[in-house]
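The values are calculated or read from the model by the stated rules, or taken from the named source; none is laboratory data. It should be emphasised that the depicted structure is a prediction, and the values quoted were computed from it without experimental measurement. Virtual Cβ from ideal backbone geometry, glycine too; neighbours counted across all protein chains shown. Heads up: the accessible areas ignore ligands, DNA and RNA and are worked out on the full protein's heavy atoms, side chains in. Shrake-Rupley method; radii C 1.70, N 1.55, O 1.52, S 1.80 Å.
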Amino acid sequence: MTSVITEVPKAQGSAAPRATILRLMLGLALALTMAQLAGILPAWLHRLPQAVIPPTALFLDRVFDFVQNDLGLIYVTRFIAEGPLEFLLDTSANLLEGKRRWPNLGPIPWSATAGVAAVVGYALGGWRLAALGAGTCVWTALIGQWKMAMQTMSVLVVAAPLAFVVGLCLGIAAWKYRWFERVLKPFLSVLQTLPFFTYLLPAVIFFKVGPTAGAVATIIFAIPPMILMTTLGLKKVSHEVVEAGKMSGCTRWQMLRHVYIPAARTEILVGVNQVIMLCLAMVVLTAFIGMPGLGAKLLAMMGSFKLGRSFEIGVTIVLLAVTLDRMSKAWVVKQPQHFEKGTPWWVRHRIPLLGLAVFVGFVLLAQLFPILGSIGRKQHFSQGKEIDVVIKSFLALDGIRGVTEWLRWFLNVKVLIPFRNGMLAIPTPAFILMVVAFCYWLGGRRPAIFGAVFFSIVALSGWWDRSIITLYAVISAVALATLIGIPLGILAARSEIWSRRVLLACDTAQTFPSFIYLIPAIMLFGVNDVAVVFSVLIFATVPLTRYTVEGLRTVPPEMTEAAEMSGSTRRQKLLSVQLPLALPTMAVGFNQAIMFAFFMVIIAAFIGTQDLGQELQRTLAGTELGKNFVLGLNVSLMALTFDMAITAWAEGRKRALGLE
Amino acid sequence: MPQTPPVISAKNVWKLFGPAPEKYLAGMQPGRTFEKIRADGYIAGVKDVSIEVARGEMLVIMGLSGSGKSTLVRCFSRLHDISGGQIMVDGQDIMALNERDLIELRRNKMGMVFQSFGLLPHRTVLDNVAFPLEMRGQDRHTRRDRAMEVIRLVGLEGREDYFPRELSGGQQQRVGIARSLAIEPDIWFLDEPFSALDPLIRREMQDEFLRLQAMLGKTIVFITHDFDEALRLADRIAIMKDGAVEQCDTPDRIVMNPATEYVAKFTKEIDKARVVRARGLAAPLNGTAVEGQAIDGSATIHDLARLLVNDARVALPIADDQGAITGVLNRQKALDLLLGEA
Ligand SMILES: Nc1ncnc2c1ncn2[C@@H]1O[C@H](COP(=O)(O)OP(=O)(O)OP(=O)(O)O)[C@@H](O)[C@H]1O
Ligand SMILES: [Mg+2]
């Protein structure tokens, strides 16, 4: 019974023309490429001549200019930036890191923050989270990065709540009005694939350089998942609960306030978790527009190849990320508990009271012992130099060095460069044909049409070669990641314990801000293409492994049992039952890997690539909004093409397998 | 009963589930069967139902799972917008109500207990029960007092600070009952309200609702799968099948004169002697001379079993509440009913 299911019949009728169309497209692509290699292809068929490329960037500049100055949008945005937003940021900066602004109370002693973090951790998840919260703070303070960390946090504590509120409101609107959801959906898809650098420049121009721009870009980047989770949660509220609310005579507002939102608590809090994590990742990245904080320091240290300090900062960022993630996730699953009757008020409110007591206690103690207030330049325990020496001498060991150097040589000379040159040699129309054929083969007509349109736009943008180089890095990294991630996942899925361990590791790794992945890459391979591919590779391996494990673990047991009963070996079982059933889930992981790879390739630009990211980063220094936008859109369009094709395939497959 | 105007009056009510129910209904030829409608891609949740519920009456709706009981009740409370027909509640066409009036109607007149409870997961028992009062804007103190009162009534005292997920199924159901009791509505919709309760509490709750109905003249529409419960409570029983009401009548007439094959099958297993009252089986006097002690017409044949076996008379006089003789009961006929035909 079960073996039948794994064979999905192709849609009838369309099978024959489909194969023909595919063959036709690939044949044409091949012919064009051969002609190019033979040197008989006219130049205008190889690359679009400059003359036909529309001046999109210029045009966009005009549009932006019009919106910005003639419509006066800039006055509005500047007002927000210099008014309420700056006020909030200044306040948080004063409290956390002691910037000289109203209310001039800060900085809060690090020990007080650590104490409060411990109490919050305890309230959310017991002693372990308390230890994690306090431990992170103590580490950060002792290592001498407290001020930097608080610079980062001061933007985060403003950006995350704002992103939450805006996301929640838009999510409610999208749930309430179908048309709004339909309009919003494509925007969200683009927003989620647009490189972060594309957010940064408009933010800088409209919201002036500095924390405000960073905060705005961060907020906009973090909003989409909040919208999606809110809508999802509201749609899932059980209809009897809704009806109970209606029968109780709720008005619309009462329904929303007292029924829908509380009942969608779980999804909304998952959204909060995602908002916090995205905000952290993005605040770190605002280093690229010169925002101070952990990210800026990391960027500087990596730039000057100070591996020890980079490592320490990396640890701080990771600890912060893990703490924020674990705490917000603990909040998701935390359910209210009742108190027995007659519990005195100070027991009912013991957590806030304890927090307050700890806070006041440490603030007072910090007056007596300044070391509890802030740790000075000479007092911290940073071992940057020593670690630097250790890492560098470790890397210089013959064995290690031999391997990394060989790998670097091999990957570069034998794999990456030939692959890249090969991709660049393909004529533009042939390349588009190949992409379209791929989309058609995977997802059918719709993704193919979108693929054709999207890649044509990329070709017409005038940045074809750089786009191809970006794509080359993505494809190489994802291909290598597949070779590593999927076998790893298959191995892990064999046992319950290892599945859990690997899933936990992947979960944790996914909370790390993407920037972190550059550290090991640079350590091992220095500043070059291999490091870029390597960092993208580890970043992309995580979702691949994770979804492979998940896909294999969720194969219904009666199906594997049926295979066992029919006497198949482990290998047969894997190949003929488990993998085919897990494939749709694995495809989700593959898709995520590609999206992550696009994201990472752009960030990795500062290592010195020649792709779109490099150009994008260059625009950050200037005011070329149009160009910035065109570059970002190219990345987004390429990513969306793959996203659509793979998603269409996975969904079709799931439906065919009856897994939905 | 029929003197006062009905509280709920439904005329040719349809509720179709599907893409464009109103349009479909308008173009549909009359008399189309449930199966045909389903073949057209629509589910007839309620199919051409006309029914009236009088003030102070307890109407029990029965029928197999999926026969449309909950859907019909949801139409009465306008949780569903009906696809065709008309529903009048207290003389108002509820489909014509605007949002404000509908809210007012629900706040002041209607209450409902849901089949799967519909408790708000983030609120304590007390806050769940007080919820309708809170929505009406009652102050905290009054609504808490009232909520505590009904919580005590349903036997959940001491649990008022628990959250729904900390309660058993039966306890959750009682929270749902308490919530609807808190506002004492005039019109009550109870969708299998006692399904998760143990027999003891179930009986207590039944008594409570009977008391409310008798004392305060509440109108109740009650859904149940339990025939004993229906018999204990019902003034009339409506039997539904495939969205349509097959028969709506007093319990004895449903049992004695089933209108359709389906109703007959539905009631076949029931011990008729427990349902049929003496007056239901009685023949008119028509000048027959009767002798001896009269028996109470509202007693069921089952209640009269001992008397019927021991008495030697051929015909027994039947008296109404006032003691006036209203008919005669043929003893043989009654015994046949009690023991089954020989
Ligand atoms: N919202 C809805 N959308 C589509 N179909 C529905 C909806 N609600 C009910 N139905 C259908 O209407 C029919 C009647 O459902 P209803 O819930 O009224 O049954 P019921 O008699 O209450 O059954 P039960 O005794 O199991 O509660 C069922 O076939 C059901 O599938
Ligand atoms: Mg029901």
For the range B:185-239: relative contact order, % (alpha-carbon pairs under 8 angstrom, 6 or more apart):
49 percent
Can you list the HN-Hα couplings for the range A:570-576, worked out from phi with the Karplus curve (6.51, -1.76, 1.60; θ = phi - 60°), rounded to whole Hz and with x for Gly and Pro?
4, 5, 4, 4, 4, 6, 9
Hey, can you rank B:212-222, A:225-235 by average C-beta count inside 10 Å, highest first?
A:225-235, B:212-222
Asserting the computed 222 nm helical MRE of chain A (DSSP H runs at least 4 long, -39500 (n - 2.57) per run, divided by residue count, to nearest 500) equals -24500 deg cm²/dmol
How shielded is B:113-120 by partner chains, expressed as the average number of their Cβ atoms within 10 Å of its Cβ atoms?
5
Whole-Hz ³J(HN,Hα) for each residue in the range B:248-261, computed from phi via Karplus 6.51 cos²θ - 1.76 cosθ + 1.60 with θ = phi - 60°, x for glycine and proline: what do you get?
9, 7, 5, x, 5, 6, 4, 6, 7, 10, x, 6, 9, 3
Shape category assigned to the protein assembly as shown from the gyration tensor of Cα positions, a/c cut at 1.5:
prolate
Using DSSP, restrict attention to beta bridges with both residues in the protein assembly as shown and report what percent are antiparallel, rounded to the nearest 5.
55 percent
Expressed as a rounded percentage, what relative contact order does the range B:8-271 have, with Cα pairs under 8 Å and six or more residues apart?
26 percent
Karplus ³J(HN,Hα) for the range B:303-316 (6.51 cos²θ - 1.76 cosθ + 1.60, θ = phi - 60°; Hz, whole; x = Gly/Pro) runs 4, 8, 3, 4, 4, 5, 6, 7, 5, 9, 5, 7, 10, 10
Three-way shape label, chain B, alpha-carbon gyration tensor, a/c 1.5:
oblate
Applying a 10 Å radius around every beta-carbon, put A:18-25, B:28-35, A:197-204, A:40-47 in order of their mean neighbour count, most first.
A:197-204, A:18-25, A:40-47, B:28-35
Once accessible area is computed for A alone, B alone and the pair with a 1.4 Å probe, the total buried surface, to the nearest 100 Å², works out to 2500 Å²
Mean residue ellipticity (222 nm) of chain B, computed from DSSP H runs ≥ 4 via -39,500 (n - 2.57), nearest 500
-10500 deg cm²/dmol
Order of A:212-220, A:478-486 by packing, highest average Cβ count within 10 Å first?
A:212-220, A:478-486
Per residue of A:236-245, what is the mean number of Cβ atoms on other protein chains within 10 angstrom of that residue's Cβ?
6
Within the range A:615-633, backbone nitrogen closer than 19 Å to the virtual label 7 Å beyond the Cα of A:Val527 toward Cβ:
A:615-621
Quick query: amide H of B:Gly85 versus all other amide H atoms, modeled in the peptide plane; which residues come in under 5 Å with a sequence gap of 5 or more or a different chain?
B:Trp14
Contour minus Cα-Cα span, A:Asp465 to A:Lys334, at 0.36 nm per residue, comes to 42.1 nm
Checking the a/c ratio against 1.5 first, then a/b against b/c, what shape does the Cα gyration tensor give for the range A:45-132?
oblate
Would you mind calculating the relative contact order of the range A:559-660 from Cα pairs under 8 angstrom and at least 6 residues apart, reporting the percent as a whole number?
30 percent
At 24 Å minimum axial length over the Cα atoms and a Kyte-Doolittle cut of -1.0, report the qualifying DSSP H helices in chain B, or say none.
B:199-216
Report the label-to-label distance for A:Ser393 and B:Asp139 in nanometres (one decimal), using points 7 Å from each Cα along the Cα→Cβ vector.
7.9 nm
Cβ under 12 Å from A:Lys627's Cβ, A:Lys627 left aside: what net charge do those residues give with Lys, Arg +1 and Asp, Glu -1?
-1
